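Here's the structure we're looking at; comments come further down.
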Amino acid sequence: MNLYLRYFDKEALVFNIDEAIDFLKSIPEIEISDDMEHDIRAYAEGDVYYPKRYKVRPHVYFIVIKTTAETMQDFKDKKAIHSGKPQTMIDKKELISGVVTRLTEERYGWYEGSIDFKRVVLIPTTGKYEYRDTHYEAICKAASGQECYERIVDYLKSRVDSRSQFPSAKGKNFRFTYLGMWK
């Protein structure tokens with residue numbers, strides 16, 4: 001595993017820990033203590049792949065990044081940065097677009113929807129109001145998951161305090177299942 005080090009406009013791609021320490025010691029503003037050297041060695045030899053930053057003085061840091069790049073150009077082209085996530089993990093944008101597509105896909109029939117929302121309730125002993133996490137499930141006829149969400153929220157808005165808070169249909173607090181054309 002190689003290391004990329006950067007301090008303002010000074011940067012280096014090194015192939016072992018000793019070269020990294022020598023590079024850092026060549027910069028006059030950076031004082032390498034024994035603890036810092038030990039920490040850099042532990043980072044380089046460890047299983048952690050996120051970039052690590054070290055404080056030089058208040059609001060001034062240098063960074064160390066693990067990479068498999070063999071040249072500085074490969075590193076700059078981001079050809080060999082360890083992503084820290086498995087290759088099978090779906091990109092966040094793809095996941096969100098999949099949720100939106102599934103939500104707006106038109107399939108007429110019965111849906112089972114569940115929603116977790118913040119409901120405003122009166123505490124009788126104190127006479128004050130508080131938010132309570134509330135789970136609600138319903139089966140309704142709709143044309144899409146979005147319409148299922150809208151029907152559930154419209155129903156709840158007519159029966160709970162108007163200050164209650166409802167999550168987005170795209171979030172993790174709303175789930176739905178298409179049951180089919182006939183119930």
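Structure summary
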| quantity | calculated |
| --- | --- |
| Residue within region 161-181 that is outside any helix (DSSP H, G or I), touching a Pro at 6+ places or on another chain (Cβ under 9 Å) and either surrounded by 17 or more Cβ atoms within 10 Å (Cβ to Cβ) or among the aliphatic types (A, V, I, L, M) (or both) present | yes |
| Residue in region 23-38 that is open to solvent by 60 Å² or more (accessible area, probe 1.4 Å) and in contact with a helix residue (DSSP H, G or I) (Cβ under 7 Å, 6 or more places away or on another chain) present | no |
| Candidate set: region 110-160, residues that are of a type in the set (Val, Ile, Thr) and part of a strand (DSSP E or B); chosen: the one surrounded by the most Cβ atoms within 10 Å (Cβ to Cβ) | 115 |
| Members of region 40-70 that are over 14 Å from residue 5 (Cβ atoms) and either touching a His at 6+ places or on another chain (Cβ under 9 Å) or at pLDDT 85 or above (or both) | 42, 45, 46, 49, 55, 57, 58, 59, 60, 68, 70 |
| Restricting region 43-73 to residues that are open to solvent by 50 Å² or more (accessible area, probe 1.4 Å) and assigned to a helix (DSSP H, G or I), the residue that is nearest to residue 20 (Cα to Cα) | 45 |
| Residues (closer than 16 Å to residue 1 by Cα and in a helix (DSSP H, G or I)) located in region 13-39 | 17, 18, 19, 20, 21 |
| Output for region 143-170, where each listed residue is at pLDDT below 95, over 13 Å from residue 119 (Cα atoms) and among the aliphatic types (A, V, I, L, M) | 143, 169 |
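The values are calculated or read from the model by the stated rules, or taken from the named source; none is laboratory data. Just so you know, these numbers come straight off a predicted model, no measurement behind them. No Cβ is skipped: glycine too gets one built from the backbone with ideal geometry, and neighbour counts run over all protein chains shown. All accessible areas refer to the heavy atoms of the entire protein, side chains included, with ligands and DNA or RNA removed. Shrake-Rupley method; radii C 1.70, N 1.55, O 1.52, S 1.80 Å.
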